[in-house]
Amino acid sequence: MVAYVFPGQGAQFVGMGKELYESNSNAKELFDQANEILGYRITDVMFEGTDEDLKQTKVTQPAVFLHSVITALCMEDFHPDMVAGHSLGEFSALVAAGALRFEDGLRLVYARAMAMQKACEATPSTMAAIIKLPDETIEKICEEICAEGGLVVPANYNSPGQVVISGSVESVKEACAKLKEAGAKRALPLAVGGAFHSPLMEPARLELAEAIEAAPIVAPVCPVYQNVDALPHIDPSEIKNNLLKQLTSPVRWTQSVQNMISDGMTDFVECGPGEVLAGLIGRIRKDIFFFFFFFFL
């Protein structure tokens, strides 16, 4: 069985998708369609913009979505047995699995990006990666800080020994210090615009609720393992509910991969920029065979 997986925000780089655009007529048509839908040439930012331009949430999310989805849609033999996406990548997975049309997925991703950008600008917040510390220890220290009036939570369970925390700037700083005291090998502040997958994204969740409810999501061609519970879903109403919860809930990537393996997955195919998921999955299960599909040099 083959699982196709899709990366999230952070996998972007300047030049992503350019060779795919220039070498594949179907890809070019989809990229040009995206420019029309968004009302500006996002391809100019992707292909020739600056790192700072591409790091803006309102640009990053549709850019990574486009690269990932178009990569999948331009494959000659795309027949997934299951799919999953990390955070933003869940939207890419849904389009690739036929639950959302390309144009509807792009509009939804852009609405998500704009809502999250506003939430980031409203409250100073950040994230940090915690390396080599048990999940339970991270959870306990975050809970202690929250009990004292702070705000910091586990946001991404990326792989065994790598959890990203998210919250207010001061609380994340405090958590990093306490987690290092508790034995973390490293506590690395991340260059992100805000506290994704935390209660600070509640304004974005409220703003996006109507758009997700109205989205024409249908049953996918294969199960979609969603971030909030790491379980496979095909029911459109469940998928919508989980997409909305995802904004303020942790990404359970470790658990998702483990469940896909338990359910019979033998091979992974990563669709999108970079090799982020390959590294994470390699740490979760070292004997898994991994394919990469890249259309750039």
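The values are calculated or read from the model by the stated rules, or taken from the named source; none is laboratory data. In this text, all values refer to a predicted model and were calculated from it rather than measured experimentally. Note that we place each Cβ from the backbone using ideal geometry, even for glycine, and neighbour counts take in every protein chain shown. SASA here: full protein model, heavy atoms, side chains in, ligands and nucleic acids out. Shrake-Rupley method; radii C 1.70, N 1.55, O 1.52, S 1.80 Å.
Could you identify the single residue in ILE141, ILE131, ILE165 that is within 17 Å of the chain's Cα centre (by Cα) and closer than 21 Å to THR254 by Cα?
Selected residue: ILE165, the only one of ILE141, ILE131, ILE165 that is within 17 Å of the chain's Cα centre (by Cα) and closer than 21 Å to THR254 by Cα.
Answer yes or no: is there a residue in the range 35-43 that is assigned to a loop (DSSP other than H, G, I, E, B) and closer than 26 Å to MET265 by Cβ.
No, every residue in the range 35-43 fails to be assigned to a loop (DSSP other than H, G, I, E, B) and closer than 26 Å to MET265 by Cβ.
A quick yes/no check of all residues on (1) within 22 Å of MET201 (Cβ to Cβ); (2) within 14 Å of the chain's Cα centre (by Cα); (3) not polar (S, T, N, Q):
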| residue | (1), (2), (3) |
| --- | --- |
| ILE239 | yes, no, yes |
| GLN246 | yes, yes, no |
| VAL251 | yes, yes, yes |
| PHE268 | no, no, yes |
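Select from the range 103-152 the residues that are within 13 Å of LEU247 (Cα to Cα) and touching a Pro at 6+ places or on another chain (Cβ under 7 Å) and list them in ascending order.
VAL109, ALA113, ALA119
Among the listed residues TYR21, TYR110, identify the single one that is under 20 Å from ARG205 (Cα atoms), hydroxyl-bearing (Ser, Thr, Tyr) and in a helix (DSSP H, G or I).
TYR110
Mind checking which residues of the range 256-270 are in a helix (DSSP H, G or I) and either open to solvent by 20 Å² or more (accessible area, probe 1.4 Å) or of a type in the set (Phe, Trp, Tyr) (or both)?
Listed by number, the residues that qualify are GLN258, ASN259, ILE261, SER262.
Can we say GLU22 is in contact with a helix residue (DSSP H, G or I) (Cβ under 9 Å, 6 or more places away or on another chain) and either open to solvent by 10 Å² or more (accessible area, probe 1.4 Å) or at pLDDT 95 or above (or both)?
Answer is yes for this residue.
Just to be sure I understand, how many residues within the range 194-222 are polar (S, T, N, Q) and modelled with pLDDT under 95?
Number of matching residues: 0.
If you check PRO199 against the conditions, is it within 17 Å of SER125 (Cα to Cα) and either of a type in the set (Val, Ile, Thr) or surrounded by fewer than 22 Cβ atoms within 10 Å (Cβ to Cβ) (or both)?
In short, yes.
Identify, by number, the condition in (1) more than 15 Å from the chain's Cα centre (by Cα); (2) surrounded by fewer than 24 Cβ atoms within 10 Å (Cβ to Cβ) that LYS58 doesn't meet.
(1)
Given the conditions (1) open to solvent by 10 Å² or more (accessible area, probe 1.4 Å); (2) out of contact with any helix residue (DSSP H, G or I) (no Cβ under 6 Å at 6 or more places or on another chain); (3) under 24 Å from ARG283 (Cβ atoms); (4) not small (Gly, Ala, Ser), and given that ILE234 satisfies all but one, which numbered condition is not satisfied?
Every listed condition holds for ILE234 apart from (3).
If GLY49 satisfies all but one of (1) out of contact with any strand residue (DSSP E or B) (no Cβ under 7 Å at 6 or more places or on another chain); (2) at pLDDT 95 or above; (3) among the small types (Gly, Ala, Ser), what's the number of the condition it fails?
The single condition GLY49 does not satisfy is (2).
Is it the case, given these coordinates, that ARG112 is under 14 Å from the mean Cα position of the chain (by Cα) and of a type in the set (Lys, Arg)?
Answer is yes for this residue.
Within the range 28-46, which residues are closer than 19 Å to PHE78 by Cβ and either open to solvent by 70 Å² or more (accessible area, probe 1.4 Å) or in contact with a Ser or Thr (Cβ under 7 Å, 6 or more places away or on another chain) (or both)?
LYS28, GLU29, PHE31, listed by residue number.
Here's the yes/no breakdown for (1) open to solvent by less than 70 Å² (accessible area, probe 1.4 Å); (2) closer than 30 Å to ALA187 by Cβ:
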| site | (1), (2) |
| --- | --- |
| ASN26 | no, no |
| GLY49 | yes, no |
| LEU54 | yes, yes |
| LEU88 | yes, yes |
| GLY98 | yes, no |
| LEU106 | yes, no |
| ALA111 | yes, no |
| SER125 | yes, yes |
